[in-house]
1. Only one of G96, G128, G113, G105 is touching a Cys at 6+ places or on another chain (Cβ under 7 Å) and either over 20 Å from G10 (Cα atoms) or assigned by TED's automatic domain parsing to the domain that holds A68 (or both). Can you tell me which?
2. Given the condition buried (at least 20 other Cβ atoms within 10 Å of the Cβ), out of contact with any helix residue (DSSP H, G or I) (no Cβ under 9 Å at 6 or more places or on another chain) and over 19 Å from K107 (Cβ atoms), answer yes or no: does some residue in region 51-62 qualify?
3. Would you point out the residue of region 226-241, among those that are more than 26 Å from the chain's Cα centre (by Cα) and aliphatic (A, V, I, L, M), that is nearest to R282 (Cα to Cα)?
4. Are any residues in region 268-299 among the small types (G, A, S) and out of contact with any Leu (no Cβ under 8 Å at 6 or more places or on another chain), and if so, which ones?
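The values are calculated or read from the model by the stated rules, or taken from the named source; none is laboratory data. Here the structure is a predicted model, which means the values were calculated and not measured. Please note: Cβ atoms are built from the backbone with ideal geometry, for glycine as well, and neighbour counts cover all protein chains shown.
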Amino acid sequence: MRQRVVALLGQGQELYPVTCASAVFGDHGPDIPRHYEFELCAEHPGPVRTTMGVDIVVERGLEALDDAGTILIAGCPSPSLTPATCDAVLAAHTRGARIVAVSSGIKLPAHLGLLDGRTAAAHWEITGWLARNYPKVRADDTVLYVDHGDVATAGATATTLDLCLNQVRREHGAALAMRIGRQFAAAPQREGHQRQFPALPTTGPVPDSLAPLLDWIAANLDRPLTLADMATKSGMSARTLNRHFHEQLGISPGRWLLDRRIASTRALLEETDLPVETIAERVGLSSAVNLRRRFRSAVNTTPAAYRRAFR
């Protein structure tokens, strides 16, 4: 049975996070298994004004949340904290629905007390507001997203894709998440502990994106890549490249590379019967012994146990 993912919209709705979620949870054709149904709802069905200056027609009201498995709160347009909306979302969470709040959408689960005593990813522009109004929420503006299972938060709308793919990975495995991501040419999935992009300077040059380098690394995982290799490819010094990784992703190049190798290992364990020795060669971990050691450290289980659980 497919899980229903329902995006709760309001007047002044930003569409980008909604379309990102629909891209992940929608139909990907006959070659990719479909585990989700995506739908829209609003407290008051009918035309909903968007930040693009056009209306979209939402046919369903809050009753759509009654059997939703996941509720996406993509920003906090007006009105979003009305008693009817709050009661409907809280009732859905109480019966087991997952709440996914993006950007200012964090206001709704914070208002409901669902984030009390918990860390939540928040955009740096609203952390002060959250501290004043919801002091029990540990707002973190340095990470991309935080996923507690029943409630997940993303600080910026651009992180919606990462957070939704993370849900697919949690519920149906890394292989399916990677297949969906590849279909719309998403960059290699970012982990939640990676940093939000900082505010751009108002003057001076803006660093080039790391995306071409990250794509090149992902395509050459089988090679014994070093920091010097990555620096040469990027045209930067090793020191400068290391600084760019820490500033833009919050982790070192070596850590990012290892995360990609572990993600590819998980996908190969799920989708193939390849022996661990072959997988180790394909993902650049050199040997079965090294793969098992790295895999246990990252996933807290063995490759064999993981394959039995997800194959």
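1. On the way: G96 fails: touching a Cys at 6+ places or on another chain (Cβ under 7 Å); G128 fails: touching a Cys at 6+ places or on another chain (Cβ under 7 Å); G113 fails: touching a Cys at 6+ places or on another chain (Cβ under 7 Å).
Result of the check over G96, G128, G113, G105: G105.
2. Restricting attention to region 51-62, the residues satisfying the condition of being buried (at least 20 other Cβ atoms within 10 Å of the Cβ) are 58, 62.
Adding the requirement that they be out of contact with any helix residue (DSSP H, G or I) (no Cβ under 9 Å at 6 or more places or on another chain) leaves 58.
Still in the list and also over 19 Å from K107 (Cβ atoms): 58.
Yes: region 51-62 contains one or more residues that are buried (at least 20 other Cβ atoms within 10 Å of the Cβ), out of contact with any helix residue (DSSP H, G or I) (no Cβ under 9 Å at 6 or more places or on another chain) and over 19 Å from K107 (Cβ atoms).
3. Selected residue: L227.
4. Keep residues of region 268-299 that are among the small types (G, A, S), which gives 280, 284, 286-288, 297-298.
Selection gives S286, S287, A288, S297.
Yes or no, residue by residue, for (1) modelled with pLDDT of 50 or more; (2) within 14 Å of S252 (Cα to Cα):
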position	(1), (2)
E191	yes, yes
Q196	no, no
V206	no, no
S209	yes, no
L214	yes, yes
L221	yes, no
D229	yes, no
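Residue-wise test of (1) touching a Lys or Arg at 6+ places or on another chain (Cβ under 8 Å); (2) at negative phi; (3) modelled with pLDDT under 90; (4) not in a loop (DSSP other than H, G, I, E, B).
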residue: R4; (1), (2), (3), (4): no, yes, no, yes
residue: A23; (1), (2), (3), (4): no, yes, no, yes
residue: D27; (1), (2), (3), (4): yes, yes, no, no
residue: H44; (1), (2), (3), (4): no, yes, no, no
residue: V48; (1), (2), (3), (4): no, yes, no, yes
residue: I71; (1), (2), (3), (4): yes, yes, no, yes
residue: S80; (1), (2), (3), (4): yes, yes, yes, no
residue: D87; (1), (2), (3), (4): no, yes, no, yes
